[in-house]
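Following: one structure in structure tokens, then a few remarks.
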Amino acid sequence: MVVRTTISLPEDTAEMLQFEAKLRGKPVSQIVRDALDAHLHICRDAKRVLPFESLGVTGDPMLSQRMDEILAKEWSDDYDRYH
């Protein structure tokens, strides 16, 4: 699905956009979509990769069972300071 929208651009940016569209032989709307996809790191042809996907990977299969123990150890100073 495509949603039509209107944007306001500085005149020089609009001129550069028109030039780029002519150069590539594509409509202005396609140039804008491509630029936004690139800027927002959107890849429509491939499976989306989450940059934080591996943050919780520890290799410890018992991690979830040990969370209270780990948090108590890591946060004990902060806990004592604020309680």
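The values are calculated or read from the model by the stated rules, or taken from the named source; none is laboratory data. Just so we're clear, the structure is a prediction, and the values are computed from it rather than from any experiment. Methodologically, a virtual Cβ is constructed for each residue, glycine included, from the backbone with ideal geometry; neighbour enumeration extends over all protein chains shown.
Overview of results
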item	result
All positions within the stretch 1-53 that are at pLDDT below 85 and surrounded by 10 or more Cβ atoms within 10 Å (Cβ to Cβ)	ILE42, CYS43
Matching residues in the stretch 1-47 - criterion: being among the hydrophobic types (A, V, I, L, M, F, W, C) and not in a helix (DSSP H, G or I)	MET1, VAL2, VAL3, ILE7, LEU9, LEU40, ILE42, CYS43, ALA46
